[in-house]
Every structure is written in C-alpha cells, then in structure tokens.
Amino acid sequence: MRKYISVTLLLALTLSFNACNSGGNNSSPDSTNVGSTGTNVTALDGYIKNATLKDASGQTATYSGAGGKYTFTSSVAYPLTLTGGAYEDTNTSFDINMSCSSGSVISPITTFIDGNSTVLGKLANLALSDNPATLSDFSVDYIAANNTDLAKLAQLLYVVEKDGNLTHKLRADMNATSLNALYTQIQSDINATVTDTTLQNNMRVFVQKVKEINTTVAVSSYESMLKTYKSTFATITWRGKTYGQVASPYTGKIWLDRNLGASRVATAVDDNQSYGDYYQWGRAADGHQKSNSTTTATLATDINATNENGKFITNSNSPCDCAESGVDDNGSLRSTAWSKTDGNSVCPAGFRVPTLDELAAETVNNSGGDSFENNTDVFNNFLKLPSAGDRGRGDGTLNYQGSGGIIWSSSPAGSGSYDLYFVSDDAGTGNGCRAFGFSVRCLKD
C-alpha cells in the first residue's frame, strides 16, 4: 500500500488543482476562481437536464441541449453548484446536489473532491486506468470518453453522497489503493454509518451492482442499468400512502418496502402499523381489503365483485372462493388482473403482484443460502415482512396477528392460489383458499 504521494505527484496536484478548463486562474482552492465569458459546463451522472446550475455570484446557467450541456453568459465565479434536474434519457429526477471548484465538468467526482487537495490525492492513489492524478484528469465527461473506471468511481461516489455522514467518513478515512478496495471500504462504511435499514440495504446493493459491471460494456449502457437501482432511493405515493423501494440482494429485483396499505416499514414482527391491508385473491382495491370493511356471504358474479363492491366476501364452503362457481374457476383472469403494471390494478404503475417463484426466490428459496425457517427469519429479510396474520374466510375476523403472516402471489393453484406463509416455527409456500384475506407486497416489473 502506498502511504505517501510522491513529490512529483504533489507538485502536479498543486499546479493543476486550480486550473480551470474554461480559463480559470491560479488562486488557492478556498478562494473564488473566475472562468471566461461564455463558459460551457457538462453536468453528468448520466447526463442531467433542466437542473439549476449556479456560480458563486448567483449567476444561473442555461441548459442548452443533449449531453448535459449548460452555458453561462458572463464570466464564472467558482465554485459551481447544481441542484434538481432530471436524467435526459429517463426523465427521472436527479436526487443529489453537486459542485465543482473549477473546470467544465460537474459530477459526483468533482463534488466529492470539493476543493480539497488531500481528497484529490486519495483518488489519485486508486491507480485507475489512464492514471488520473490532477483535477483536470478527474473532471472529464467519462460517458463520452467511455472511461469505465471513472464512470464506476462516479457511481460509487454518487451513492456515498446520498448520506452526508457517509461522505464525511469516506473523505476522512479513505485508504483504498484500487477500485476493488474502494468497494470494500464503502460497503464497510455504509454498515457503520447509515442507520436507516432500507437505505443501507439499497446502498449495499447499488455498490455491488457497480462492482459487477462488465468492463467491456459501453459506459452509456451500464449507466442506464444503474438508473434502475437509483430509483430505489425515491418514494412512491399510492392511494394515500407513501412507499419506499427496496432492492433484493439475491435477485436484484425491486420491491415496495412495505405491504400494500401499511403506514410504515415493519419495525418488529408484531408491528401493527406495518400490517397493511388484507386482499382476497385477485380482487381489486375496492375497499374490501380494509381490515374493518363490512362482510357479505353473497358471492361475486364477476372477477371485479361488482355486485358486492367494497365488501369482504365470506365463504367457508369448498373451494372457498369469493366468486361463484363458473366465474374464473382456474384463476387465469384474476392472475392476469394482478399482473398488470399500468396502475389500474392493486399495485402502483410499474409494479405488480409477484409470482410464487418470485416470492420464494427472495425468502425460502433464496440464492444466498440464508435460512428462512420462521417468521423472525422472514422479518429480518430485506423485505421486513411482518406477521400481519390473515382475515378469515368464514366470518372476516382477523387472526394470528403478531404470530404469523401470509403473502399472496399472483399464481393460481387449481381451485386455490399460491402464497408464502411464515409462523413461529415454520416458513414455506402454500395453497390458500381465495376467500382468505392475505397481505400483498408489490414487485417492480
């Protein structure tokens, strides 16, 4: 491990740190640099459009088109700051603030350096391809240059900058001398610094995805892939509830962070604020799913239960469906309805009810070899599934809350439908009567 930067490198850092690609002067990192009139700046973490990009005097740049290009009409006073905006290719919101102390590029890398020559030296010590050492070396459009190492570094620093404490810790303690070592250090710092369990999980998954990127793939292609995982940092408002998103460490798939209808992510196996609603299999969100909805013994005459809209249908007789015989007996129509991703089913737009295999892959059949033998194991899973119990098929009463839970899948099974169950001494997959009210967790398509 290199503990010191060579004299030659230090000299190069000192001379180049304040160099402005657009005509900066040689002031110290803590003073205001001034760029030339008509300065062009590229904003990237993926190209960013319609952000507010300002210089130190308050002058605002104009977004001038594809490629994250912005133009200042007058001389520029550094540092520059960027807030807001959206990705050009997906139109999804950009969610960190960025800065640069000089130059014509503003990115997570320039933000992390933050005018600090010591931090710049630590990044130079990573020995990346092309051996970047100066601020100019790190202030490049790595997408246009197809520079994989710089693009990976930018993505790692993007996730670090999601949390101020994490940023401060890495700036102070960074000792990695390669990208592989940096992955490990950031993962360790996330575990030690980030207290929100959902954010911590999503950060770890994101760093792992950056690490796994095939270096032969074009930077523009994997930038698009990573935006899927960046979406986990955004919330979704759906039918009066605000949901987070959580990425699977097993499959990489993205889920809502709580059951449909729940007020919060589960804090314990028996957290009643996280139980959510109780859906009869394949039914729409018509009000029947609420734990206090009225009951009726009249069976539905179509899959939308139009004749009993909003009521929980009770039926203890085999096959204990909530629909009359002859109405979607094999469940294909209701499975199709719950598989919709257009926002017209029970899940938000872009999400659907998972299949049995998808539920099992995150729990009892996970690829990581983790044990799921009871409801405590399932709660400790990244999905934080609570023991919400069920709503009985016979009289609509709530049962087993705090001691067990069942999650519907979209997969029919003969006259019933498949589910994931978990109790104090067992966890597995089952085949439930469709008249039961079980929890639903949505999966991003």
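The values are calculated or read from the model by the stated rules, or taken from the named source; none is laboratory data. In this text, all values refer to a predicted model and were calculated from it rather than measured experimentally. Note: ideal-geometry Cβ built from the backbone for every residue, glycine included; neighbour counts use all protein chains shown.
Among the residues of the range 312-331 satisfying the criterion of being within 37 Å of the chain's Cα centre (by Cα) and buried (at least 22 other Cβ atoms within 10 Å of the Cβ), which is nearest to Gly244 (Cα to Cα)?
Selected residue: Phe312.
For the structure I just gave you, tell me whether Ala300 is among the aliphatic types (A, V, I, L, M), more than 35 Å from the chain's Cα centre (by Cα) and farther than 13 Å from Phe436 by Cα.
Yes; evaluated as a whole, the condition is true for this residue.
Quick check on Val207: is it assigned to a helix (DSSP H, G or I), within 16 Å of Leu44 (Cα to Cα) and in the same structural domain as Leu126 (by TED's automatic domain parsing)?
no
Considering Asp141, Asp173, Asp130, Asp137, which residue is more than 23 Å from the chain's Cα centre (by Cα), at pLDDT below 95 and of a type outside the set (Gly, Ala, Ser)?
Going through Asp141, Asp173, Asp130, Asp137 in turn, just one is more than 23 Å from the chain's Cα centre (by Cα), at pLDDT below 95 and of a type outside the set (Gly, Ala, Ser): Asp130.
Just one of Leu126, Leu170 is assigned to a loop (DSSP other than H, G, I, E, B), under 22 Å from Gly103 (Cβ atoms) and among the hydrophobic types (A, V, I, L, M, F, W, C); which is it?
Leu126
Take the residues of the range 53-102 that are in contact with a strand residue (DSSP E or B) (Cβ under 7 Å, 6 or more places away or on another chain) and among the acidic types (Asp, Glu): which is nearest to Val119 (Cα to Cα)?
Asp55
Under 7 Å by Cβ, and 6 or more places apart or on different chains, what pairs join a residue from the range 305-320 that is basic (Lys, Arg) with one that is in a loop (DSSP other than H, G, I, E, B)?
Going by the 7 Å Cβ cut-off, the qualifying pairs are Lys311/His288; Lys311/Ser293; Lys311/Thr294.
Answer with yes or no whether Thr148 is of a type in the set (S, T, N, Q), within 19 Å of Thr177 (Cβ to Cβ) and surrounded by 18 or more Cβ atoms within 10 Å (Cβ to Cβ).
Judged against the criteria, Thr148 is a match.
Do you know which of the residues in the range 375-394 that are more than 30 Å from Ser293 (Cα to Cα) and assigned to a loop (DSSP other than H, G, I, E, B) is farthest from the chain's Cα centre (by Cα)?
Here the residue is Asn381.
Within the range 205-218, take every residue that is surrounded by fewer than 21 Cβ atoms within 10 Å (Cβ to Cβ) and in contact with a helix residue (DSSP H, G or I) (Cβ under 6 Å, 6 or more places away or on another chain) and give me the one that is farthest from Pro249 (Cα to Cα).
Checked the range 205-218; the qualifying residue farthest from Pro249 (Cα to Cα) is Thr215.
Of Tyr87, Tyr158, which residue is out of contact with any Phe, Trp or Tyr (no Cβ under 8 Å at 6 or more places or on another chain) and either aromatic (Phe, Trp, Tyr) or at pLDDT below 95 (or both)?
After ruling out the rest, the residue left standing is Tyr158.
Could you check the range 35-93 and list, in sequence order, the residues that are closer than 24 Å to Tyr222 by Cα, among the polar types (S, T, N, Q) and under 25 Å from the mean Cα position of the chain (by Cα)?
Across the range 35-93, the qualifying residues are Asn50, Thr83, Thr90, Asn91, Thr92, Ser93.
Keeping to the range 301-311, report how many residues are crowded, with 17+ Cβ neighbours inside 10 Å and farther than 13 Å from Val327 by Cα.
Matching residues across the range 301-311 total 2.
Within the range 106-116, count every residue that is surrounded by 24 or more Cβ atoms within 10 Å (Cβ to Cβ) and either assigned to a strand (DSSP E or B) or at pLDDT below 95 (or both).
Residues that pass the stated criteria total 1.
Would you check if there is a residue in the range 340-359 being in contact (Cβ under 8 Å) with a residue 12 or more places away in the chain, among the small types (Gly, Ala, Ser) and surrounded by 19 or more Cβ atoms within 10 Å (Cβ to Cβ)?
yes
Looking at Thr267, Thr298 in this structure, which one is surrounded by fewer than 21 Cβ atoms within 10 Å (Cβ to Cβ), free of Cβ contacts under 8 Å to residues at least 12 places away in the same chain, of a type outside the set (D, E, K, R) and in a loop (DSSP other than H, G, I, E, B)?
Just a single option satisfies the conditions, and that option is Thr267.
For the structure I just gave you, tell me whether Val364 is touching a Cys at 6+ places or on another chain (Cβ under 9 Å) and either of a type in the set (D, E, K, R) or over 13 Å from Ser248 (Cα atoms) (or both).
The answer is no for Val364.
Scan the range 287-314 for residues that are β-branched (Val, Ile, Thr) and within 26 Å of Ala262 (Cβ to Cβ) and report the count.
Residues meeting the conditions: 6.
Hey, does the range 364-382 have a residue that's more than 18 Å from Ile406 (Cα to Cα) and of a type in the set (Phe, Trp, Tyr)?
There is no residue in the range 364-382 that is more than 18 Å from Ile406 (Cα to Cα) and of a type in the set (Phe, Trp, Tyr).
Please count how many residues of the range 371-402 are surrounded by fewer than 16 Cβ atoms within 10 Å (Cβ to Cβ) and in contact (Cβ under 8 Å) with a residue 60 or more places away in the chain.
4
So Arg334 ticks every box in (1) surrounded by fewer than 23 Cβ atoms within 10 Å (Cβ to Cβ); (2) in a helix (DSSP H, G or I) but one. Which box is left unticked?
Unmet for Arg334, out of (1) surrounded by fewer than 23 Cβ atoms within 10 Å (Cβ to Cβ); (2) in a helix (DSSP H, G or I): (1).
Within the range 316-331, is there a residue that is in a helix (DSSP H, G or I) and either among the hydroxyl-bearing types (Ser, Thr, Tyr) or under 20 Å from Gly405 (Cα atoms) (or both)?
Among the residues of the range 316-331, not one is in a helix (DSSP H, G or I) and either among the hydroxyl-bearing types (Ser, Thr, Tyr) or under 20 Å from Gly405 (Cα atoms) (or both), which makes the answer no.
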